[in-house]
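What follows is one structure encoded as structure tokens, with my remarks underneath.
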Amino acid sequence: MKPVISDSILYIGADDHDIDLFENQYPVPDGVSYNSYLILDEKVAVMDTVDRRRTETWFDALTKALNGRDPDYLIISHMEPDHAYNIGLLAEKYPQMKLVGNAKTFAMLPRFFDASLTGRAVTVADGDSLPLGRHTLTFYTAPMVHWPEVMVSYESEEKLLFSADAFGRFGALDVDMPWLDEARRYYLNIVGKYGVQVQALLKKAAGLDVKKILPLHGPVLEGDLSPYLEKYDLWSRYVPEEKGVALAYCSIHGNTEKAALLLRDFLAGAGETVEVFDLCRCDMSAAVAAAFRYDRLVLACPTYDGGLFPPMEDFLSHLKSKNFQGRAAALVENGSWAPISAKLMGEKLSAMKDVTVLTDPVTVASAVKPETEAALKALAENLSRR
Ligand code: FEO
């Protein structure tokens, strides 16, 4: 469903169900939306453009919504091409239109587009306002949420926060789906590294009377906004959402998998919530999101070429790049002659902020034996006590 905002603020974005990987890395089985909005007042403002994949759809929606008028301003919240790709085409079509951004926006713009566009720049700073008539936009910089030039816009007449990437989620708007799961996967994989900067944005937003949040992806958020704000506060402070275990494993011949699944059963038997990820097959971004969601993480990995089996190496690299921190972790390793994967996983986790690695990893010396089962059971009991 296309969002309905008001008579004078229209949704002109587009769904994309053809895309397989967002940013060429994140699976989006329910598609994604590139949101763009039009404010019709004495002055007309376009709020961002869309990805190149939906240029034609967007121009059609814009032209219809303009109903014969010309835009006075293009507000550029974010220069990433999933929103900014059509800046050049729009500016060419409406040569009198001004481009509104901050100093960082206009430092970046010529790297993507013809430098002559900067001659049409209206440069705003944090807290500056742009009156459009009945509506007024006030701009707040939000550096690194998710690029350095990002800014959000608050519209005071209808109390709207145009929030750029913040509060977005994967999933097209014509799919009936809850916000939380795909917002979590979106946030932690795309903005997760920048918790400090998100906290700064939340503090700015706390001073505003916001009735609706209009992100650049996913649905317009309205009604009680506190559940969304609370999740963003937790995620950006790296606080687990709930008690539970994310169990990520990789396995070459099935023995490490058997150990991981036994551990899952012991944990579930102890009443724990457990989400299991086979890193050789799963969507890595879902495993990353789960690692942040729960307060405990278990990694199970065979030794391979004297190091880690590559899917685990990859997963740990993702966690590090997203600033994974403040969790307890337990390890299961496998190795038929010189197991070393627990040591290597432990070193990588210990280098992350406030990650406590439980001592005494379980070693599967090839296949799961009765003594391995007993060790896994003890590990589950140990984890359940935390
Ligand atoms: Fe949706 Fe950072 O762009």
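In table form, for the structure just shown:
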item	result
Which listed residue, of 38, 21, 10, is open to solvent by less than 10 Å² (accessible area, probe 1.4 Å), on the phi < 0 side of the Ramachandran plot and among the aliphatic types (A, V, I, L, M)	38
Matching option when the condition is open to solvent by less than 60 Å² (accessible area, probe 1.4 Å) and more than 14 Å from the ligand (Cβ to nearest atom), among 229, 180, 201, 216	180
Residue, nearest to residue 80 (Cα to Cα), within the stretch 106-130, restricted to residues that are open to solvent by 60 Å² or more (accessible area, probe 1.4 Å) and in contact (Cβ under 8 Å) with a residue 12 or more places away in the chain	112
Any pair with Cβ under 8 angstrom, 6 or more apart, that starts in the stretch 77-91 at a residue that is closer than 10 Å to residue 165 by Cα and ends at one that is more than 9 Å from the ligand (Cβ to nearest atom) and among the acidic types (Asp, Glu)	77/48; 78/48; 78/149; 83/48
Which numbered condition residue 188 fails, given (1) more than 16 Å from the ligand (Cβ to nearest atom); (2) touching a helix residue (DSSP H, G or I) at 6+ places or on another chain (Cβ under 6 Å); (3) part of a helix (DSSP H, G or I)	(1)
Strands (runs of 3 or more DSSP E) fully within the stretch 58-148 counting 2 or more residues that are touching an Asp or Glu at 6+ places or on another chain (Cβ under 8 Å) and more than 16 Å from the ligand (Cβ to nearest atom)	136-141
For residue 336: the one exception among (1) crowded, with 16+ Cβ neighbours inside 10 Å; (2) among the polar types (S, T, N, Q); (3) within 25 Å of residue 366 (Cβ to Cβ)	(1)
Test: residue 247 is open to solvent by less than 60 Å² (accessible area, probe 1.4 Å) and either modelled with pLDDT under 95 or assigned to a helix (DSSP H, G or I) (or both)	no
Every residue from the stretch 220-244 that is assigned to a loop (DSSP other than H, G, I, E, B) and closer than 17 Å to residue 169 by Cα	220, 225
Number of positions in the stretch 153-173 that are away from the ligand (no atom under 13 Å from the Cβ) and touching a Lys or Arg at 6+ places or on another chain (Cβ under 8 Å)	6
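The values are calculated or read from the model by the stated rules, or taken from the named source; none is laboratory data. What you are looking at is a predicted structure, and each value in this text was computed from that prediction instead of being measured. All Cβ positions, even for glycine, are placed from backbone atoms using ideal geometry, and neighbour counts span all protein chains on display. Protein only, heavy atoms only, side chains kept; ligands, DNA and RNA dropped before computing areas. Shrake-Rupley method; radii C 1.70, N 1.55, O 1.52, S 1.80 Å.
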